[in-house]
Amino acid sequence: MRPPTDFRALLSRLLSAEVEFILVGGVAANIHGSARATYDVDIVYRRSPENMSRLVDCLSPLQPYLRGAPSGLPFALDLDTLRRGLNFTLTTSAGDLDLLGEVTGAGSYDDLLPATETVTLFGATCRCATLEALIRMKRAAGRPKDIEALAELEALREERG
Amino acid sequence: MVPEPIALDPDPVIDAYKRDVDRTLLRENLKLTPEQRLLKLQDVVRFLAELRDAGRRSRQ
C-alpha cells in the first residue's frame, strides 16, 4: 500500500524549484482552516514553457505516474507530455499530486492569480487560492459530493468574519 | 495582500448542510498559522493511513 501523501515534501520541492503554482482544493481549504481530511495536493500551474520545464525537472525524481492507471504504460511526465495535456492526476513517490492547467470556475493560473493570497509554508512563500475563490470553484463544479465541503467552507467564511 | 471578500448568492441546499458543520473545529483551526494547519492535516492523514493498514492486517 502506498504511504500517505507527504504534503511538506511535495510543497517544499515545488517551492524550492520556484515553480509558479497556486494551491487549490482540499489542501488550500485546510490552509484556510478547513477540518476535512484530504489526501492529495491540487495545484494550478502556469503553462509557460519555462514554468512547465521547472515543473518537469522538479517532479522527475519523484517518478510521477498516472494515478489509477495500469502499471507499465509508456508514460513519462516530460515537457512534451505536459504541453500536449492540461490536467494530470498523478501519483509520485511523495504522494498524490494533481496538476491543473485550468480549473472549473477559475480558469488558468493567470485567470486565478487575482483571487490568491500568499502564505508562508516551510520558510517559503506559497500562493494559495482565496477562500472565496475555493467556494466559487466548488460551486462551479456542481458535484453533489462537494456539498458538505462547500457548507464547511462557507461556514469558515462566516467564522472568519 | 488579501483580496476583498466578494458576495456569494445564498444557496438553500448549502445553507441546510451548513447547520451541521462543527464550527468548534473551525474556530480551533483559525487559531493556528497556515503552516500549523497543514502539519495538523499531515498528522490526520498519517493517522488515517495507520488505521487503514491496521484494519487490513486484522482481516488477513
| request: Please determine, by comparing only the residues of the range A:117-137 that are at the interface with chain B (Cβ under 10 Å from one of its Cβ atoms) and closer than 20 Å to residue B:23 by Cα, which one is surrounded by the fewest Cβ atoms within 10 Å (Cβ to Cβ). | output: A:132
| query | Restricting the search to the range A:11-31, which residues are of a type in the set (A, V, I, L, M) and away from chain B (no Cβ under 11 Å)? | reply | A:14, A:15, A:17, A:19, A:22, A:24
| request: Can you tell me which residue within the range A:115-161, out of those that are small (Gly, Ala, Ser) and out of contact with any helix residue (DSSP H, G or I) (no Cβ under 7 Å at 6 or more places or on another chain), is nearest to residue A:9 (Cα to Cα)? | output: A:123
| request: Being in contact (Cβ under 8 Å) with a residue 60 or more places away in the chain and aliphatic (A, V, I, L, M) is the filter here, so list the residues in the range A:94-132 that pass it. | output: A:94, A:97, A:100, A:103, A:106, A:112, A:113, A:119, A:121, A:124, A:129, A:131
| request: Of the conditions (1) assigned to a helix (DSSP H, G or I); (2) facing chain A (nearest Cβ under 8 Å), residue B:58 clears all except one; give me its number. | output: (2)
| Given the structure, is residue A:159 of a type in the set (D, E, K, R) and assigned to a strand (DSSP E or B)? | no
| field | Test: residue in the range A:46-56 that is modelled with pLDDT of 95 or more, surrounded by 13 or more Cβ atoms within 10 Å (Cβ to Cβ), away from chain B (no Cβ under 14 Å) and assigned to a strand (DSSP E or B) | value | no
| Just to be sure, is residue A:82 more than 9 Å from chain B (Cβ to nearest Cβ), over 17 Å from residue A:40 (Cβ atoms) and assigned to a loop (DSSP other than H, G, I, E, B)? | no
| remark: For the range B:2-57 the number of residues that are basic (Lys, Arg), exposed (fewer than 11 other Cβ atoms within 10 Å of the Cβ) and modelled with pLDDT of 95 or more is 1
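The values are calculated or read from the model by the stated rules, or taken from the named source; none is laboratory data. All of these numbers come straight from a predicted model, not from anything done at the bench. Glycine gets a Cβ as well: all are built from the backbone with ideal geometry, and neighbour counts include every protein chain shown.
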